[in-house]
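First the structure, in the form of C-alpha cells, and then the observations on it.
The values are calculated or read from the model by the stated rules, or taken from the named source; none is laboratory data. Please read these numbers as outputs of a predicted model, since none were measured by experiment. Quick reminder, even Gly has a Cβ in these numbers, built from the backbone with ideal geometry, and neighbours come from all protein chains shown. Just the protein is used for accessible areas: all its heavy atoms, side chains included, with ligands, DNA and RNA removed. Shrake-Rupley method; radii C 1.70, N 1.55, O 1.52, S 1.80 Å.
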Amino acid sequence: METKMFTAKDLQDAADLIRQGELVAFPTETVYGLGADALNETAVKQVYAVKGRPSDNPLIVHVENFDMVKKYVSNFPKVTQKLVDTFWPGPLTLIFTVKPETFSKTVTGGLKTVAFRMPNNQQTINLIKQAQTPLVGPSANTSGKPSPTTAQHVFHDLQGKIAGILDDGATQIGVESTVLDLTATDGIPIILRPGAITKEALEQVIGEVKVDQHLLSEKEVPKAPGMKYKHYAPDVPVWIIDGDKTIFKQAIAQAKKNNKRIGLFADEDIAKHFSNEVDEVFSFGEKSVENATKLLFAGLRSLDEKPIDLIFVQAFPERELGIAYMNRLKKAANQNIFKNNSIFE
Ligand code: TXA
Ligand code: MG
C-alpha cells in the first residue's frame, strides 16, 4: 500500500479514506495519532495489527467537541463540565463509563469505560468533522518505540502499512496527554498517565485529584493497561544522567573506559561542553523541561539511528511537566539511572 502524505488542502481525501475504513495518521499538540473510524471494528482491528499493539490495551476516542461524547455517555460526573471548559481542546484525556454496546471490545479492551479526548489541532478537528465519526488514535508508532512527534516519524514506522498521514509539522508538547479516570467509586479523579496537564493544574479547577499508585511505586499494577508495557525505548540502551556537569563527566569517562560510543541528549550548554568527548549530540536548546519534553522522542529516535552503544539523557526534577518527562524517560531507560559509579556492562 502507498502511504500518502496529506496537508490541510487534502482534508477531504483524508476524511474519505477514514470513512472507507482506512487508517490515516493525524497531528495533535502532543504526538501524532493513528486514526481510524472508532465505530468500524475492522478498521480498529487494523490499528492494533499495524502497530503490533497488545489487544488488552484500550484506545482513546478523539472527538471534535464535547457534544460528540454525549452520544456515548449517559451520566457525567459533576467535575466534567469544569474540566471540559478549562482544558478542552487540549492534552487531557477523560475516562467515562459508556452506555453498553456503544463501542466494540476492540476499542474498550473489554472495559466498561472509554477514554475521550478533544485534541488541540484545527486540522484534526476538521478531519473528525468531515469524517463525521469519532476517531481512535493511539500514538502512531510501532508499539514499544518512541511516540512520533513529526509526520516523518510516522512514515518511518508505518510506511506501506497505512493509507495516509496528515502532516502539520512538529507537535508542540512532545509527550502524550494526561489520562484522568473519572469513574472511581469514591468519586475522586485519578491520574493514570502524567502529561502536560499537571495534578496541580487539575486541582485548581476541581479540587482533590489522586495519582495511580503504579506511578508512585513500580510494584503496583497500572490501571491504564498501556502503562505496563515497556515503552518509548530505542534499540540502543538509554541512561538517565541525574546531575550537573560533574556527573556527566563521570558517566562519559566510565562509558569510554568500557569502549562505549556515546550519544548525548542534553541542553545546549551541556551539549556544547561535551561535544568533543561524545560521539553524537542532540541538543534540545535552552535548558527548560518544556524544550526537553518537546524533543525527547525526536532526540531518542535520531540518536538511535547513529552508530553508538548508549544514549545519555539529561534528567529534570520531578515536578510539574518534569513528572511526565521523567515518566517517559524512565520507561525508555528501563530504570537505568547514572548517579555515580554505576557500571556499564
Ligand atoms: O496524547 C495522546 O493521548 C495521544 C494522541 C495521539 O492523542 N494518544 C495516545 O494514545 O497516547 P495511546 O493509545 O498511545 O495511549 C492511551 C493510553 C494507554 O495507556 C491506555 O491503556 C490508556 O490510555 N487507556 C485508554 N482507555 C482506557 C480506559 N478505558 N481505562 C484505562 N486506561 C485507558
Ligand atoms: Mg502510545
Report, ordered by chain and residue number, the aspartates and glutamates lying within cross-link reach of residue 45, taken as a straight Cα distance under 14 Å and ignoring same-chain residues fewer than 8 apart.
22, 37, 56
Relative frequency of Cα-Cα separations exceeding 22 Å in the range 9-87, percent:
37
Extension gain from residue 188 to residue 7, taking 0.36 nm per residue of separation minus the Cα-Cα distance
61.0 nm
Please compute the Kirkwood hydrodynamic radius of the range 260-345 from all pairs of different C-alpha atoms, in Å with one decimal.
13.2
Restricting the range 65-132 to trypsin sites (Lys or Arg not before Pro) in coil, as DSSP defines it, with at most 12 other Cβ within 10 Å
71, 78, 112
Just from its helices, what would the mean residue ellipticity at 222 nm be for the chain, if runs of 4 or more DSSP H residues each count -39500 (n - 2.57) and the sum is divided by every residue, rounded to the nearest 500 deg cm²/dmol?
-9500 deg cm²/dmol
So what's the net charge close to residue 117: Lys and Arg +1, Asp and Glu -1, counting the other residues with Cβ under 12 Å from its Cβ?
-2
Given a Förster distance of 30 angstrom, what is the FRET efficiency for residue 249 paired with residue 122, based on the Cβ-Cβ distance and rounded to 0.05?
0.05
Percent of accessible area on the chain owned by carbon and sulfur, 1.4 Å probe?
47
Sparse-neighbour loop sites [GluC sites (Glu not before Pro); the range 153-260; at most 12 other C-beta within 10 Å; DSSP]
208, 218, 220
Per the 1/(1 + (r/R0)^6) rule, R0 = 56 Å and r from the Cβ atoms of residue 336 and residue 16, FRET efficiency to 0.05 is 0.75
Cross-link partners among lysines for residue 9, C-alpha distance below 26 Å, same-chain residues fewer than 8 apart left out?
129, 161
Determine Rg/Rh for the chain; Rg is computed over alpha-carbon atoms and Rh is the Kirkwood hydrodynamic estimate from the same atoms.
0.98
Contact order relative to length of the chain, as percent, for alpha carbon pairs under 8 angstrom and 6 or more apart:
19
Exceeding 23 Å between C-alpha atoms, which entries from my cross-link table qualify? They are 199/245; 99/210; 82/210; 199/331; 210/294; 256/306.
199/245; 99/210; 210/294
Report the GluC sites (Glu not before Pro) located in the range 1-39 that are in a DSSP loop and have at most 16 other Cβ atoms inside 10 Å of their Cβ, or state none.
2
